[in-house]
1. Among A:483, A:60, A:755, which comes first, then next, by fewest other beta-carbon atoms within 10 Å?
2. Under the rule of -39500 (n - 2.57) per DSSP H run of 4 or more residues, summed and divided by the residues of chain A, what mean residue ellipticity at 222 nm is obtained, to the nearest 500 deg cm²/dmol?
3. At R0 = 25 Å, how high is the FRET efficiency between residue B:146 and residue B:124 if r is their beta carbon distance? Nearest 0.05 is fine.
4. Angle check, please: helix A:771-788 long axis (alpha carbons) against the longest principal axis of chain A (alpha carbons), in degrees 0 to 90, nearest 10.
5. What whole-number distance in Å separates the alpha-carbon centres of region A:73-137 and region A:1-69?
6. If you filter region A:15-114 for GluC sites (Glu not before Pro), then keep DSSP loop positions with at most 13 other Cβ within 10 Å, what is left?
7. Let's see if you can work this out: charge +1 on each Lys and Arg Cβ, -1 on each Asp and Glu Cβ, no other charges. What is the dipole magnitude of region A:67-251 about its Cα centre, in debye to the nearest 20?
8. Long-range amide H contacts for residue A:526: which residues qualify at under 5 Å (H placed 1.01 Å from N, peptide plane, sequence gap of 5 or more or a different chain)?
Amino acid sequence: MNLFLYELALAWHRLRRRRLHSAIMLGTFAFSIGLSLFSYSLFHAIFIKNPTFDPEGNLCLIEQVAPGHGDVWQTASPFEVRTWTEQQAVFSEFAPAVLYRSIFLGTPDRTERVLGANLSSGVLRMLGARPLHGRLFTAEEDKQGTAPVILLSHRTWQTRFGGDLTILGRQLLIDAKPATVVGIMPPEFRFPNDQEVWLSLGFNWAWGTSEEAVFDVVARLKPGQTHARAAADLEQINRRISSEVAAARQGLQPIVMPFRHYYLQDQLRTSALVLFGLSLIFVLMSSANIANLVMIDFIETGSELGVKAALGISAWSMVRHIVLRIFLLTLLSAMLGLLIAVILTPAFYQMLPASNLPFWLHFEMEWHLIYVALGLALTATAVATVGPAGFILLTKPETLIANTLTGARHTGHFTWKRAILIGQMALLTILGIISGLLVCSNYNLGHIELGFNPDNILTLRCGMRVIDYPTQAARRAAWQRSCEALRQLPGVTQAVCVREAPMHRGVLTLYYATQRDGLAEGRSEGSANQFLVTNAFFDLLRIPLIAGEGFRPDEPAEGPNYAVITRGLAEKLWPGKSALGRSFFVRVGTNLRTAPQELIVKGVAADFRSGPAMGNRHDAVFTSILKSEAMFYDLLVRGEQAPPSLEAVRETMRQTEPKIPLYFPNTYRGMLQDQLKMVELTSLLTLVYAVAAGLLCLVGVYSVTVSQLLQQKREYGIRLALGGPPFNLWLRFAGSYVANAVVGVAVGAGLASLCGPMLAALLYNVGQNDAAIFAIISLGIIGLSALACLPSLVRLLRIDPASCLRSL
Amino acid sequence: MSNSPLIALDAVTKVFLTDEVETHALSGIHLDIHKGEYVAIAGPSGCGKSTLLSILGLLDTPTDGTYLLNGRPVQSLALAERARIRNREIGFIFQSFNLIGDLTVFENVELPLTYRGMPAAERKQRAQAALEQVGMGHRAKHLPSQLSGGQQQRVAVARALAGSPAVLLADEPTGNLDSKNGEAVMNLLADLHRGGATIVMVTHDTRFARHAARSVHLFDGRVVEENAFTKAAESSL
């Protein structure tokens, strides 16, 4: 023990004596461990960590998809759920729910929109839910038509009802219908996200007929079953019952996925995967870097080995000294890295739009992070000490002593070091190219030509209850009244109701054809984004109408359906001809077998970006919102110099239409930025990785070149003595390293091109194999490595041939 | 022997500063060496022999004084110019041979010529001739580690000769050799001298110093004695 403490103290003193060296190693490795732990934490939260309601991670979500339209998800009908429940053999538990509902909660003074869900008694049982007060739902309450009952979340009970227990048994207005509070859930019960109210399954206004598709299905796989097998099982059942379901639901393919995927967008998962992959590359690079720095230290203190050997210290003891010193350093780095991760990770989550995140995606200091940090420290120690340890163990003691006497400093690991350098360069190239692609994509996204003006616009989501606005005429009057009132506000130039706002993630999709039978059997000539608007919409967003006219403020509810379409779509439908007065057919929404609707073009608008920011579909069809059945819509209010005050808009709406709840307030710019946040942050982080990796490589090339020069000091002393011009000598020396860098860059560029498909979801308007980015990054890295060779020139110039030769 | 010396040192001093301590390695050295002379610089360990040789070989610069090589002052030339002169005018023979282990015997001899930008054919011809001159032509493709100490030193002499330098500087050329091989190397230098080469040899061994025509004794960085040896003087005529 005493010996160990002595050696530990010795290691500490050695690190202190070589402050600059130790500081470089400590800094680079702490930084890389910090970034790696951050990426690991994100990866763990998204791919490994189970939500509290699913500790085993075997909960599944079942949705359906129409063949040929993989992005259109469909829920299950009561008939399908009933049949699946009876016939399936792969799930141990199986129960329906409606996982996302915007609910209007009526309190004595106002109506508010809250997040809710319909849960069956089976889902609550599956989750092992226990009420804090009151009771859960019964199986009877799963049935349609039973008395509406609700459960309150602990937060809602505390914040909205002041923790008053007498709320139990009382009735609240949910979507204007009285529902009895039967239970209050404990604070730890959160499902599927931060729902405030849970409704019984029977309390579902959308549940009209047994063919109405309303249910998500939550299930638990039997041990040994896979998601694919489960989906195949349900598909077989679907085939058996195809004659019993409506034509529109025939051929639907069930999808069984881990429940955790419900709230995690593809973009988030891809980002986590990319960042984790890059962090692994980064750790490898920094380990190699430490290895190189250790080699310099080892070479510079090489004569010490001979002295130790002469003193009878065993090879294993010498190895132990080195390992201990490096482990001490990497351990300190791991502690610092942990600190970096603890600061960086919560800050990252803070930057993401909260509405897109599941509640379990947050940073927690857990033991596994410490284990990973320790693992990284051990890995780095192993990588860094393998060279020196190998040399000591494989070299005879008398050779070590002879080396000391003659000053020879051969470690015989040039090939090994060059291989590390080539590997480092390859890894840096991968990082650099991925980062370059993402940064370029991010730049493109930030400079999208929108074709409309999103500045100074406040956006709010609105909803109408059937009980308050039972007819289309009532809703129409409300839209007109509220927009008119808002236009009177000082500084407001325009206000409109629209479903949905252009570039919103939830824009509606329609499929079109010039002939009615062009939409038969799920066919179409293309798809476009659909917007329900009033004529003021074009004025508010400054989208010019380039032909024909827009909608009249008093567009009649009956009569032909008119549409305004964008120029690009008009050109696709009737190339080279005027679209005005022509009719075409559309099928709206996800149901591919609903009857096509005929639209007559009355106006053509300029092209603009209408689909989500990362999307490629921007053709648009506008129809009048006054003729629609829309209950939810976006309110857009444009200010003169800045977005209007939210409070003023709320107050005006309160006075004009007090029964319409307003939620999700944002500016239009903010809404667009939120969509791009994940891509932006991923791009920023990869840039940080790439810059850090670039610095590591600078240190790497520096350390390898300097260590080689130190090892070849004698040879260069001779060459200088023989009249070798120092600069030429250096050019030849550095040239060999730049050649290594070129090899590494070529290997890295090849590997980076293989990573392209994984990045596709994060790239906008930039090819996965963009030649310019590949070339710029590759040349930059080669230039960087040439730059990192410069210190070796200084070292070469410092070689004093006289003293060098004298010492030999 | 011409009247103007090949090497002329005037009041050359060299002071090393280490940890604020001044060490006077050389103090006011005056030394003229004419073309074709064979001069031994002798003296006890630490007297400044190697420092003097480093200055003569332009491996180091004097702190003070002037150094004329072929009538040209060289004491304060830039690094690259010193390297150029070293490459063309000076041939080195070191105590520990200082051959590059990764290069063959031939490549070692050829090395200084490559820095002159000499055409390959001429380079190879001169390297081969130098190896033949020292009797090592048959070992051209060997690595230094495959040779004995005496053979390695002969290769080092060939390397020094290959460029036809104005002066050969030998630093304890027999220091790492046994007496037989030492004697052989000294005979080789004597042969070269007889062929017209200018040689300056540092040695602490008075037996070998007597191979030279003239010996310069240093003590504490000063020239304390100069001798001319008849046998060598005769042979130099």
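1. A:755, A:483, A:60
2. Working: 22 runs with 389 residues, N = 808.
Calculated at 222 nm, the ellipticity per residue is -16500 deg cm²/dmol.
3. Efficiency, rounded to the nearest 0.05: 0.75.
4. Relative to chain A, helix A:771-788 is tipped by roughly 30 degrees.
5. Spelled out, the Cα-based centre of one part sits 38 Å from the other.
6. Details: sites: A:56, A:63, A:80, A:86, A:93, A:112; in loops: A:56.
Hits after loop and neighbour filter: A:56.
7. On the way: 19 positive and 20 negative charges, 65 e Å.
I would put it at about 320 debye.
8. Here A:512 satisfy the definition.
Quick note: the coordinates plus some simple rules give every number you see, no bench work behind them. As the structure is a computational prediction, the values presented were derived from the model and not from experiment. Neighbour counts run over all protein chains shown; Cβ positions are idealised from the backbone, glycine included.
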